[in-house]
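Asks: This structure is in structure tokens; I'll ask about it shortly.
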Amino acid sequence: MVSTCHGIADDRSSGTQYSCSAEYDKTIVHAGADGPWTEYFAHQAARDQQDRFMRDAYLSLQDGQSIVAEAPTGLGKTAASLSSALSVMRGKEGVDKLLFLTGRQSQHRIVIDTLRELNRKVPAGTPEVTVVDLIGRESMCGNLTIDRKCFCEEGQNEKALGARRSFLRRWILSEPRHAEETIRNAKVEGVCPYACSIEAAREAEVIVLDYNHVFVESVSESSLSSMSIDLQSSSLIIDEAHNLPDRIKMGLELRLTVKMIKSARYEVEEYKENLEKNKVGHEDIAVSSVAISCFKRIEEEVSSWMATKMDDIDDSEHNDILVEASDLVEVIKTSFLSSLTTNDWSSTFREFSILLGKVTIDDSDGEEETGTSCLRFLAFLETILRFEKSDAMALVFDLVGDEGRVTSCLLDPAVISSTIISKAKGSVLMSGTLHPTSMYGDMLGLTSGSYEERAYSSPFAQDRRPIIICSDVTSKYTKRGKENLKRIRSHVKEVLDQTPGNVAVFAPSYAMMSEIIETTDWIPKAFRIKDEESGMSKSDVSKVIRSLTDSRTKTVLFGVMGGRFSEGVDYSGGILSAVVAVGLPVPPPSSRQRATIEYMSKRYGRDKGWRYSSGQPAVNSVLQAIGRPIRKEDDRAILVLLENRFLERTYSKLLPKNIITIPSADSDVTGRLVRRFFSRYP
């Protein structure tokens, strides 16, 4: 069956009405009819595009290769990818584990629910799928000490703990369990939910976990081994894979300040005092004395070095500057060796590193980062030593208040991801905004011949999600001003006036969001206002989303693209009637951004350098934001882009080719288009 969508556009000045048509194939394929990829499909039937995705993923995994799939919302990516991967894992030698990676806890729940449904359908004699749902240790255990120890089993009888842990482990594996269920049951048993989940993961076929467990080396080295996971015998499903490059970069974004160095010295001093008090660790006491002297000298020299960089910032056009890794390494290495009687850097640094790994302290120093200052200093130093001669890493110096700070910035996530993905027994990388697939293949370092690129069409009719582009507004910094802001508010007000339900408005930054709602007298009284705050907790976000289901009142939700409201939130049940995306979240000019563009241009050419580092990520953030309200076939929402750059070739070519847009010259036209849409789809 083929359906056709019809546009709603008009041109006020000419009276011309535009129409659009787009076909989408809703052919139903019965599960199991076409190939082994549907053997573990959780539902009764699959749509044509879903079955194609399953088949393509199955064939890639069967060959031990990767597939990069742009698969829109509503396709059923979770059930399709699980079916393909499980079919391969259970039918092929050498594949022992399936790791489902996602950065969204809401997606964890979808995976577990899908596997529950699947287990209800497995034929008699076929083993049910065993799975462990693993979320962050902080979320599972609650409060942790600064050296990441929990209090879950504090005060428990040691003899009984083994039996209780064993019971909980068997309970976790007995059927697919949400992490929240494991946490609740662990509290009843008085055992650690995280530790028991790690133990259960050694026996499970499927493990649902965050990207960090595989792609952030400081986490993966201990995490994978603790679960007895060998990547060479594991398949990967990477959900929302458009986020993976940034998550890899974040894993190596480490900072150095004089305050951190001083804090590390205090920690070593406290550690040494405890050893002396308890009359143990004589060798460590001696090493600690040397380490304290080294830290004092490093603190002095780094402080002096940073003072010169502060002068350089004053002369810079940006608020940050690039610094040479070799310069900072030389400062630290010289300071370190000047406190010693030897010039053997390698062996002395190794001994120094072992000591810093042992340092534990009683209380936090109040900083937000987890772990001791000793470990943070060591991680930073090891990272810049590793990339000292590589142009894939940049060091950026800036100021936090009056204090200097150096940040390590990975420019190329491929230096991490390429090895990991090639080591695995095949992988499925999927997202609704994995656009273009070739860009993500490049950025993640997938080699030609090792992966397939696929783009699938949306199962949703275009006429239920029209996109209006407004030509009289922009977020471009040089074009901002009172009149532009006034026009933005006018467009938003028209959308609010004509929309029967909740509306989300996403800005490119918190600063611009604050400008828009600096005064709220222009917002219709029928709407209550909810705005996103930086650092909102997951429970705060969930509370706001739940409030949208109250049909007695309408809400206008203000958020930020790439923030808590625009990604990783499931607005199911048609609770959003409209989304307004204000502008483009293009990174502001900075030395870091300049270094990224230059690196990407050098590697991929000038056009791709800008596209990969700036243009496409900004566009994809907008696509993510406007994709929030349409989750099911009968959902409907109008989508409004308040950015005239989308009408220019530079940015319009970055949009997916299959989307259909409607121009609006001003807020009056926007209001009429919105009113017409909801008269058709009330």
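The values are calculated or read from the model by the stated rules, or taken from the named source; none is laboratory data. Fair warning: this is a prediction, and the values are worked out from it, not measured in the lab. A quick note on method: Cβ atoms are made from the backbone with ideal geometry, for glycine too, and the neighbour counts reach across all protein chains shown.
Asks: Need at least 2 residues that are under 30 Å from residue 412 (Cβ atoms) per element, so show me which strands (runs of 3 or more DSSP E) inside segment 426-527 make the cut, counting only ones lying wholly within it.
Replies: In segment 426-527, the matching strands (runs of 3 or more DSSP E) lie at 427-431, 451-455, 503-507.
Asks: So, one more: Just a yes or no: is a residue in segment 136-147 part of a helix (DSSP H, G or I), exposed (fewer than 14 other Cβ atoms within 10 Å of the Cβ) and among the acidic types (Asp, Glu)?
Replies: yes
Asks: Starting from segment 511-532, keep only residues that are farther than 19 Å from residue 499 by Cβ, then list their pairs with residues that are of a type in the set (S, T, N, Q) whose Cβ atoms are within a distance under 8 Å, requiring at least 6 positions of separation or different chains.
Replies: Listed by first residue and then by second, the contacts come to 512/475.
Asks: Would you be able to tell me the number of residues in segment 646-665 that are part of a helix (DSSP H, G or I) and either of a type in the set (S, T, N, Q) or crowded, with 21+ Cβ neighbours inside 10 Å (or both)?
Replies: The total comes to 3.
Asks: Additional query: So, residue 184, is that one more than 25 Å from the chain's Cα centre (by Cα), outside the structural domain of residue 538 (by TED's automatic domain parsing), free of Cβ contacts under 8 Å to residues at least 40 places away in the same chain and closer than 28 Å to residue 232 by Cα or not?
Replies: no
Asks: Of all residues in segment 385-425, how many are in contact (Cβ under 8 Å) with a residue 60 or more places away in the chain and in a helix (DSSP H, G or I)?
Replies: Final tally of qualifying residues: 5.
Asks: Every residue in segment 87-121 that is assigned to a helix (DSSP H, G or I), basic (Lys, Arg) and either in contact with a Pro (Cβ under 6 Å, 6 or more places away or on another chain) or farther than 22 Å from residue 240 by Cβ (or both), please.
Replies: Of everything in segment 87-121, those that are assigned to a helix (DSSP H, G or I), basic (Lys, Arg) and either in contact with a Pro (Cβ under 6 Å, 6 or more places away or on another chain) or farther than 22 Å from residue 240 by Cβ (or both) turn out to be 90, 116, 120, 121.
Asks: Another one. Whether any residue in segment 308-320 is assigned to a helix (DSSP H, G or I), within 16 Å of residue 261 (Cβ to Cβ), in contact with a Phe, Trp or Tyr (Cβ under 9 Å, 6 or more places away or on another chain) and hydrophobic (A, V, I, L, M, F, W, C) is what I want to check.
Replies: no
Asks: Another question, then. Does residue 588 satisfy the criteria of being within 28 Å of residue 398 (Cβ to Cβ) and at pLDDT below 95?
Replies: Here the answer is yes, as residue 588 does meet what is asked.
Asks: Same structure again: Out of 124, 79, 69, report the one residue that is aliphatic (A, V, I, L, M) and part of a strand (DSSP E or B).
Replies: 69 is the lone residue from the list that is aliphatic (A, V, I, L, M) and part of a strand (DSSP E or B).
Asks: In segment 425-444, is there at least one residue being modelled with pLDDT under 95 and either among the charged types (D, E, K, R) or farther than 24 Å from residue 568 by Cα (or both)?
Replies: no
Asks: Out of the residues in segment 534-564 that are part of a loop (DSSP other than H, G, I, E, B) and touching a helix residue (DSSP H, G or I) at 6+ places or on another chain (Cβ under 7 Å), state the one that is surrounded by the fewest Cβ atoms within 10 Å (Cβ to Cβ).
Replies: Taking the candidates together, the pick is 534.
Here is a yes/no grid of residues against (1) surrounded by 15 or more Cβ atoms within 10 Å (Cβ to Cβ); (2) aliphatic (A, V, I, L, M); (3) outside any loop (DSSP other than H, G, I, E, B):
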site: 164; (1), (2), (3): yes, no, yes
site: 171; (1), (2), (3): yes, no, yes
site: 187; (1), (2), (3): no, no, yes
site: 218; (1), (2), (3): yes, no, yes
site: 228; (1), (2), (3): no, no, no
site: 236; (1), (2), (3): yes, yes, yes
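Asks: May I pose another question? Looking at 198, 207 in this structure, which one is outside any helix (DSSP H, G or I), of a type in the set (Val, Ile, Thr) and surrounded by 15 or more Cβ atoms within 10 Å (Cβ to Cβ)?
Replies: 207
Asks: All but one of (1) outside any helix (DSSP H, G or I); (2) touching a strand residue (DSSP E or B) at 6+ places or on another chain (Cβ under 8 Å); (3) crowded, with 19+ Cβ neighbours inside 10 Å hold for residue 630; state the number of the condition that does not hold.
Replies: (2)
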